Amino acid sequence: MHSQLYLSGRLAGNPDLSQTRKGKLLVKLVLETSLIRETRPGDVQTESVNLPITLFSLPAEQVKDLQKGDPLIIGAHLYGTEFQTADRAIKRGVQIIADAVSLTK
């Protein structure tokens with residue numbers, strides 16, 4: 001069993017470029033997209049959401065020169081994170097990691 005997300009939207013800001021510990025390109029961006037959900041049968045609600053996306057390798061190379069407002073479609077997977085606080089509580093989170101990018105200019 002596996003999961004794949006497809007997200008479309010526009011860049012909410014310019015990509016943030018950095019490097020991994022091994023010196024490879026790492027890009028973080030924020031994708032502005034719409035959340036559409038059914039609140040009651042036949043009644044839908046739409047709201048704008050900003051999603052942080054992390055990109056490595058080829059997807060990072062594809063988006064490194066994009067600018068705020070550029071449209072794109074991202075194929076991604078979710079990556080679960082976990083850490084323990086000083087009081088030994090377990091905190092969990094989720095990252096969106098891009099696998100493929102389609103530029104829609």
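Coordinate-derived values only; no laboratory data. Just so we're clear, the structure is a prediction, and the values are computed from it rather than from any experiment.
Show me the three semi-axes of the equivalent ellipsoid for the range 5-103, from the C-alpha gyration tensor (sqrt of 5 times each eigenvalue), largest first, rounded to whole Å.
Semi-axis lengths for the range 5-103 are 25, 23, 11 Å.
Looking at the range 16-105 only, what percent of DSSP beta bridges run antiparallel? Nearest 5 please.
So the antiparallel bridges amount to about 95 percent of the total.
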